[in-house]
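Participant: Below is one structure. I have some questions about it.
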Amino acid sequence: MLKVPLVVTGFGHVGRAFVSLLRDKGEELRRRYGLAPEVLAVARVEGCFHTGAPLDLRQLSRGGDDWTAGNPAWREGLRATDVIAGLGPGGTLVECTVSNLRTGEPGLSYISSALRSGWNAVAASKGALVVGLPGLRVLAAENGVLLRFSGATAAALPTLDVGLVSLAGTRIEGIQGVLNGTSNYILTRMGEGLAYAEALKEAQDKGIAEPDPSHDVGGWDTACKILLITNACLDAAYVLADVHVRGIDGLTGDFVRTARAEGRTVKLLATAAPGRKGERWSLDVRPSVLEPTHPLYHVDGTEKGISFYTDSMGTVTVTGGRSNPRGAAAALLKDLINIHRRERASA
Ligand code: HSE
């Protein structure tokens, strides 16, 4: 049995769902993968839950927003980076904070400090990666550890696993995706007759919209995802300013319903395509009317989808992986399992 020390940064929808998933799947992780994850700290902005021993997951996943008060495991002012430095190398950071898209913080500091301390990192927050992916990859390589971020690249929908592993040896000649569950849900519900505001409210009630939903409907969440997927699959270093972004916030119900009545559908589509003479790729997010023959036509509701256009495997499309906190948590867990599976195989 391989003990896997974990520190979780961020304890919102996704952090909590991750702790619940670990609790639910603890037995299976031991039996199928020989892994025994131990959560040694959970960090929020003001401090950490940390006792020096593995935290009780049942107690952690029961907590409400104000449950730090009087909790014997709560250490006000304690920083996750200090906990990690004190534990020594060999653990994995599970990064779930809401990080700023301009500064990458606080996730950028958490991830870089963990990698420097000899910890692997699995990340769901996009800011740190959008701002600092190239540097973080160098840091990981220098420290002999791994950085994985399925949780930030459409989570339960496999995108990087397909682009990096399943399509190895192909030349990727284009990528298209419906990558934001909130926008896709809103468009689907508008097509069914709901007003934009009502559909947005429903998406928020499902816990899938970003804390500031303009990130979803304005196209920025999709832009981050296509940027990270493109950079990872092409080994490129495009930045967010390279992505042309238009969201769904200006669309009328009439426009969406008319497309539907004509047998077409409106999607917030992300496209990465090479320039004509092999120069820089263009990255683009915009509402698009899809014909029934488009591989992403049937991706509805909170589901997502991605198509890779390749030279030797044709078009490969994956759909499903609906957006919700448990799906995001499952993507973190998948990366965690795959990192340690590799370690066990090479041991
Ligand atoms: N808000 C995102 C979505 C989930 O609606 O898909 C996190 O990426």
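The values are calculated or read from the model by the stated rules, or taken from the named source; none is laboratory data. All of these numbers come straight from a predicted model, not from anything done at the bench. Here Cβ is always computed from backbone atoms with ideal geometry, including for glycine, and neighbour counts include all displayed protein chains. Side chains included, ligands, DNA and RNA excluded: accessible areas come from the protein's heavy atoms. Shrake-Rupley method; radii C 1.70, N 1.55, O 1.52, S 1.80 Å.
Participant: Find the all-direction average of the projected area of the Cα convex hull for the range 260-347, expressing the result in square nanometres with one decimal place.
Facilitator: Working: hull surface 35.8 nm².
Averaging across all directions leaves 9.0 nm² for the Cα convex hull.
Participant: Report Rg(Cα)/(2.2 N^0.38 Å) for the chain, keeping two decimals. Show your work: numbers first, answer last.
Facilitator: Values: Rg = 20.3 Å, N = 347, 2.2 N^0.38 = 20.3 Å.
Taking N as the residue count of the chain, the ratio is 1.00.
Participant: For a quick check, take a GNM of the chain with Cα springs below 10 Å and name the residue from T317, T293, T252 with the largest mean-square fluctuation.
Facilitator: Highest fluctuation of the listed residues: T293.
Participant: Over the range 1-43, what is the relative contact order in percent, taking alpha-carbon pairs closer than 8 angstrom and at least six residues apart?
Facilitator: On the way: 47 pairs, mean separation 28.9, N = 43.
So the answer I get is 67 percent.
Participant: Build a GNM of the chain with springs between Cα atoms under 10 Å: which of L332, L136, L93 gets the top mean-square fluctuation?
Facilitator: So, out of L332, L136, L93, the one fluctuating most is L136.
Participant: While we're on this one: May I ask you to give the solvent-accessible area per residue for the chain, in square angstrom, as obtained with a 1.4 angstrom probe?
Facilitator: Values: 15190 Å² over 347 residues.
About 44 Å² of surface per residue is accessible.
Participant: Within the range 259-347, list the GluC sites (Glu not before Pro) lying in a DSSP loop whose Cβ has at most 11 other Cβ atoms in a 10 Å radius. Can you show the working numbers first?
Facilitator: Values: sites: E262, E279, E303, E343; in loops: E262, E279, E303.
Qualifying residues, ordered by number: E262, E279.
Participant: What residue among I186, A331, L228 has its Cα farthest toward the positive end of the dipole of the chain, where the charges are +1 on Lys, Arg and -1 on Asp, Glu, each on the Cβ?
Facilitator: Towards the positive end, the residue furthest out is A331.
Participant: What is the magnitude of the charge dipole of the range 284-347 about its Cα centre, with +1 placed on the Cβ of each Lys and Arg, -1 on the Cβ of each Asp and Glu, and no other charges, expressed in debye to the nearest 20? Please list the in-between numbers first.
Facilitator: Working: 8 positive and 7 negative charges, 86 e Å.
Approximately 420 debye in magnitude.
Participant: Which one, P72, A141, G247, is farthest towards the positive end of the dipole of the chain when Lys and Arg carry +1 and Asp and Glu -1 on their Cβ?
Facilitator: A141
Participant: Running a GNM on the chain with Cα contacts under 10 Å, which residue among A261, A73, A195 ends up with the highest mean-square fluctuation?
Facilitator: A261
Participant: If you don't mind, another one. May I ask you to give the percent of accessible area on the chain that is carbon plus sulfur, with a probe radius of 1.4 Å?
Facilitator: 50
Participant: Relative to the Cα centre, what is the charge dipole magnitude of the range 180-302, using +1 at the beta carbon of each Lys and Arg, -1 at the beta carbon of each Asp and Glu, and rounding to the nearest 20 debye? Spell out each step's value before the answer.
Facilitator: Values: 13 positive and 17 negative charges, 79 e Å.
Dipole of the range 180-302, to the nearest 20 debye: 380 debye.
Participant: Calculate for the chain the 222 nm mean residue ellipticity that helices alone would give, adding -39,500 (n - 2.57) per DSSP H run of length 4 or more and normalising by residue count, nearest 500 deg cm²/dmol. Present the calculation step by step, with values, prior to reporting the outcome.
Facilitator: On the way: 11 runs with 133 residues, N = 347.
So the calculated ellipticity at 222 nm is -12000 deg cm²/dmol.
Participant: Among the trypsin sites (Lys or Arg not before Pro) within the range 254-329, which fall in a DSSP loop and have no more than 10 other Cβ atoms within 10 Å of their own Cβ? Provide the component values of the computation, followed by the final result.
Facilitator: Working: sites: R257, R260, R264, K267, R276, K277, R280, K304, R322, R326; in loops: R264, R276, K277, R280, R322.
Counting only loop positions with at most 10 other Cβ atoms within 10 Å, the trypsin sites (Lys or Arg not before Pro) in the range 254-329 are R276, K277, R280.
Participant: Now for a separate question. Whole Å is fine, so just give me how far the alpha carbon centre of the range 124-167 lies from that of the range 9-58.
Facilitator: About 21 Å separates the Cα centre of the range 124-167 from the one of the range 9-58.
Participant: Which whole-number percent gives the relative contact order of the chain, counting Cα pairs below 8 Å spaced six or more residues apart? Walk me through the numbers on the way to the answer.
Facilitator: Details: 715 pairs, mean separation 62.6, N = 347.
In percent, rounded to a whole number, it is 18.
Participant: Oh, and also: Considering Cα pairs under 8 angstrom that are at least six residues apart, work out the relative contact order of the range 26-183 and quote it in whole percent. All intermediate terms of the calculation are to be shown ahead of the outcome.
Facilitator: Numbers: 214 pairs, mean separation 22.5, N = 158.
Reported as a whole number, the value is 14 percent.
Participant: Something else now. Taking just the alpha carbons, could you work out the radius of gyration and Dmax for the range 1-109, both in angstroms?
Facilitator: According to the Cα coordinates of the range 1-109, Rg and Dmax are 13.7, 42 Å.
Participant: What GluC sites (Glu not before Pro) in the range 10-110 are in a loop by DSSP, with at most 14 other Cβ atoms within 10 Å of the Cβ? Provide the component values of the computation, followed by the final result.
Facilitator: On the way: sites: E27, E28, E38, E46, E76, E95; in loops: E46.
Listed in order of number, the matching sites are E46.
Participant: Still on this model: Using the structure shown, select from K3/K25; K126/K225; K201/K225; K225/K304; K25/K126; K3/K126 the pairs with a Cα to Cα distance greater than 18 angstrom.
Facilitator: K201/K225; K25/K126; K3/K126
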